[in-house]
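The values are calculated or read from the model by the stated rules, or taken from the named source; none is laboratory data. These numbers were taken from a predicted model, which means no experiment stands behind them. In this analysis, Cβ positions are derived from the backbone assuming ideal geometry, glycine residues included, and neighbour counts consider all displayed protein chains. Each accessible area value is taken on the protein alone, full model and side chains, heavy atoms only, with ligands, DNA and RNA left out. Shrake-Rupley method; radii C 1.70, N 1.55, O 1.52, S 1.80 Å.
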Amino acid sequence: MEPTEAEVRDQFGRNLEDKGAWRQATTLDAAGELTARWLEGKSEYQAATFTVRYDDETEPIAVELAALNRSGLFTKESQPGLQVGESAQRQYVTGFCSAETAADLLALSTRSDLVTVAHAPGESSSASIAVTLDGGEVVTVLGSSENPVTEDQIRDWAEESNESLALLLADSWYVEILDPVWGRNDVLLPAVFAALTARQ
């Protein structure tokens, strides 16, 4: 008997068979590899991302994001730089990493015009750096830590992946790296990749 759609997909359409791999991912490297596979279209489940596939604007940077995920940064959010009419975006990427990787990424701010905001494990912050404008109105900001710090946040991550990974994320650094130049789309991701691979 064939399984029903409800048995193979969750309410967001994500493939529950692909979710099984997240049950085994207990390291940042493992989470990064699964994220890279999702970005390459080889998986239809991404923990804490409630869609089967990334949005269309991510398409031009998906390959570069996959490389970052395989180099020590388990990415959570990103956007390309864009400038169309009265709408503009600064390119950015955020993710979880080790203390050493956070230090390497923070150093980007000392040798370029890129901006890195690094959040220590358990740190709660609420800065607001505008990264998306629509008709002059700010619609997206960076500056807040995304580490799961409360019991509910840890439980939510555990349900999306597993308890070991949820606890690891709570103890990981969370970084946000942005290009301050509106619309620029060819500087940030290569610089982040270079910083991640310099130690290897």
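Here are the numbers for the structure shown:
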| quantity | calculated |
| --- | --- |
| Net charge contributed by nearby residues that have their C-beta within less than 14 Å of His119 (K/R +1, D/E -1) | -4 |
| Accessible-area composition of the chain, carbon plus sulfur, in percent [1.4 Å probe] | 51 percent |
| Å² per residue, accessible surface of the chain at 1.4 Å | 50 Å² |
| Cα shape, the range 1-110, gyration tensor, a/c 1.5 rule | oblate |
| DSSP-assigned coil residues among chymotrypsin sites (Phe, Trp or Tyr not before Pro) in the range 28-124, each with at most 13 further Cβ atoms within 10 Å | Phe50 |
| In nm, spacing of pseudo-spin labels at Thr49 and Val63 (7 Å Cα→C-beta vector) | 1.8 nm |
| Sites matching GluC sites (Glu not before Pro) across the range 54-124 that sit in DSSP coil, with at most 12 neighbouring C-beta atoms within 10 Å | Glu86, Glu123 |
| Length gained when the stretch Ser126-Val8 is fully extended (0.36 nm per residue, less Cα-Cα span) | 38.7 nm |
| Cα gyration tensor shape for the range 109-200, rounded if a/c is under 1.5, else prolate or oblate | oblate |
